[in-house]
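Q: Provided herewith is a single structure, encoded as structure tokens, for subsequent inquiry.
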Amino acid sequence: MTHKKLYKYATILSGFIIVLLVILRNSQSELYTVLSASLGLVVFYTLLYYLFQTEKLKFGTSNPMVKYLFYGISIPLLIYGVQVTAGNDGFLKNTVRILLALEIAYLIFSWIYKYREGIQKLKNDKLEAELMLLKNQINPHFFFNTLNNLYALIKKDPDAAQDYVLKLSDLMRFTIYDSGKEKVPLKDEIHYLINYIELQTARYHKDIDVNFEKTIKNSEAMVAPLLFIILLENAYKHGVEKATEG
């Protein structure tokens, strides 16, 4: 669930509870008390979620032993305080109960938040590993074949060989340096694909017709590097190469 959806649902739920509270404002039933407590919990959890997301509030000490020791001492003391003040009416009784409720609510929230954060981290790590796998699958034989073609082209057409070297150097620079970045401009990714197409096309002795159409609204948009090269390699492997062999 995204942050906006969570805030939206919390607002709708709070509004619904407030409407019920207004309707039952003259009622002395337990339902009014339950609704009041529910509204407080919704507001409390939403506020905590916002503070943790914006890192304006953190979980405190990173030492779990200190944290468990604090909860292990404070919660039993507050429970004992509730029992001691059970027969009294006044500020102390209400304060002890409120502190106990807030501490338990915070403890539950922190556990839920850390659990959801761990799940999201696993998903992000999985996506990153899949992307790295795609990057590592780029066919190294392409570079060897390109160098062989360059060797033959130097003897046949030195001027064309110079342009060939420039395209190959751009391709290798992008593969070696830019592929390690998290994001690159879309125009650089497209330029990489165009160089790849031109170098691949020059490999074949037969004339081949490659149609590469693109409609780009924002060439400065950031994308993951080498995101489309696998599709292009497969197009040559399963399309162009089979057609030329036939």
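Q: Going by amide H atoms built from the backbone, whose H comes under 5 Å of the H on Val223, apart from near neighbours?
A: HN-HN under 5 Å from Val223: Val184, Leu186.
Q: Through the Karplus equation 6.51 cos²θ - 1.76 cosθ + 1.60, θ set to phi - 60°, convert the phi angles of region 185-199 into ³J(HN,Hα) values in whole Hz; use x for Gly and Pro.
A: x, 4, 4, 5, 5, 5, 4, 4, 5, 5, 4, 4, 4, 5, 5
Q: Any number yet on Rg/Rh for region 141-245, C-alpha, Kirkwood?
A: Reported Rg/Rh, Kirkwood definition of Rh: 0.98.
Q: Tally Lys and Arg at +1 and Asp and Glu at -1 over the other residues with C-beta under 12 Å from the C-beta of Glu220: what net charge comes out?
A: Numbers: positive: Lys183, Lys187, Lys217; negative: Asp188, Glu189.
Around Glu220, the charge tally is +1.
Q: Measuring from label point to label point, each 7 Å out along Cα→Cβ, what is the Gln120 to Phe144 span in nm?
A: A separation of 4.5 nm, rounded to one decimal place.
Q: Say R0 is 51 Å: what FRET efficiency, to the nearest 0.05, do Ser14 and Arg173 get from their beta-carbon distance? Mind dumping the intermediate values first?
A: Details: r = 55 Å, r/R0 = 1.07.
The calculated FRET efficiency here is 0.40.
Q: Give a residue-ordered list of calculated ³J(HN,Hα) values for region 162-178 (Karplus: 6.51 cos²θ - 1.76 cosθ + 1.60, θ = phi - 60°; whole Hz; x for Gly, Pro).
A: Rounded to whole hertz, the list is 5, 5, 4, 5, 4, 5, 5, 5, 5, 5, 5, 4, 5, 5, 7, 9, 6.
Values in this text are rule-based calculations from the coordinates and carry no lab data. Remember, predicted model here, so these are calculated numbers, not experimental data. Every residue, glycine as well, gets a Cβ built from its backbone with ideal geometry; the counts of neighbours run over all protein chains shown.
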